[in-house]
1. Connecting C-alpha atoms closer than 10 Å in a GNM of the chain, tell me which of Ala159, Ala129, Ala278 has the biggest fluctuation.
2. Whole-Hz Karplus ³J(HN,Hα) for the range 229-238, in order, using 6.51 cos²θ - 1.76 cosθ + 1.60 and θ = phi - 60°, x for Gly and Pro?
3. Just the number, please: Stokes-Einstein D of the chain in µm²/s, Kirkwood Rh from C-alpha pairs, 4 °C, 1.567 mPa s.
4. Taking the chain as a Gaussian network, Cα atoms linked when under 10 Å apart, which of Ile263, Ile155, Ile235 shows the biggest mean-square fluctuation?
5. What does the extension gain come out to for Glu269 and Asp239, with contour length at 0.36 nm per residue minus their alpha carbon separation?
6. What chymotrypsin sites (Phe, Trp or Tyr not before Pro) in the range 214-289 are in a loop by DSSP, with at most 10 other Cβ atoms within 10 Å of the Cβ?
7. Within the accessible area of the range 154-236, what % is carbon and sulfur when the probe is 1.4 Å and the other protein chains stay in place?
8. How large is the accessible surface per residue of the chain, computed with a 1.4 Å probe and reported in Å² as a whole number?
Amino acid sequence: MDIGICLPYMERDFDRHAVLAWCRAIDAGPFSSLTCGERITGYTLEMRGVLAAAAVLTQRVRIMPSLYVLPMHSAVWAAKEIATLDVLSDGRVTLCVGVGAREIDYRAVEAPFELRHARMDQQVERMRAVWRGEPPLSGADPVGPSPVQAAGPPILAGAMGPKAIARASHWADGIYGFTMNGNPAPAAEWFRLADSAWEAAERVQRPRRVSGFWFSLADDADARLKQYVYDYLEILSPDAARAIAAGMTMSAPDAIRKGLDAIEALGCEELLLVPATADLSEVERIAELVEKR
């Protein structure tokens, strides 16, 4: 199982110097992918800018938006941004798209929250048409640049419900299901649903299986992990955020090893680790753990 790692784009101390150090450490480590997520409201660095920097600062790891909240964007504009990222990374992009769960972010950028699943289906088709060199409208030039990967980057669907997975089976190359705390049971169900949906859609290639969870190996890791998860989920409700945060266990090496082993046993092909702090020790300590597995 490949193991990728997310940049701590939500942390206020994740500045220029930290970005440089993290990108270089990830590229030099045992990791398969470098990822970054997308949020609008709240303190976060903007995903495209961060990943463009990471594409130039690294040589080896895949560059993965995880995930691109596609219905908040113009499909043509997104296709251009993603193709540019593929050029900057010399063909190392794996794209993960989803609808997200934060209606406030849609409202902030004046994008409709309604019919977002149907829009995303259409947007993926439109992006691939752009990458094939088809003009976006009659009389227009094609939208460049052409991605380095001939058919465009592989696309994962951030889908966890049966309806979303069934929709994704018609256009995605795989699914990304985030378990939060490393519990393998939800991932097992998502992978089962994906296999069934891909078979029903008569797809020849089986879906790529990707999962992930939050972790910390920084000093005072348990408290910092729980606080990070609470802050991340507080928008749901303080009570829900508190309950979920209390269940976080991936703050010790043994727990993380067991979590990785359990999800790998399900046939997961890549797992994305999301750190709770911007301390560089997170990368250094998890790299050591991964190398010794």
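1. Its mean-square fluctuation being the largest, the pick is Ala129.
2. Coupling constants for the range 229-238: 5, 4, 4, 5, 9, 4, 4, 5, 4, x Hz.
3. After rounding, the answer is 67 µm²/s.
4. Taking springs between Cα atoms under 10 Å, the residue moving most is Ile235.
5. Working: separation 30, 0.36 × 30 = 10.80 nm, distance 3.40 nm.
That pair, Glu269 and Asp239, stretches by 7.4 nm at full extension.
6. Working: sites: Trp214, Phe215, Tyr228, Tyr230, Tyr232; in loops: none.
Of the chymotrypsin sites (Phe, Trp or Tyr not before Pro), not one in the loops of the range 214-289 has a Cβ with at most 10 other Cβ atoms within 10 Å.
7. Working: 2020 of 3840 Å².
On the range 154-236, the fraction of accessible area on carbon and sulfur atoms equals 53 percent.
8. Working: 13210 Å² over 293 residues.
Ligands and nucleic acids excluded, the result is 45 Å² per residue.
The values are calculated or read from the model by the stated rules, or taken from the named source; none is laboratory data. Here the structure is a predicted model, which means the values were calculated and not measured. Every residue, glycine among them, receives a Cβ derived from its backbone with ideal geometry; neighbour counts consider all protein chains shown. These accessible areas exclude ligands, DNA and RNA; they are computed on the full protein's heavy atoms, side chains included. Shrake-Rupley method; radii C 1.70, N 1.55, O 1.52, S 1.80 Å.
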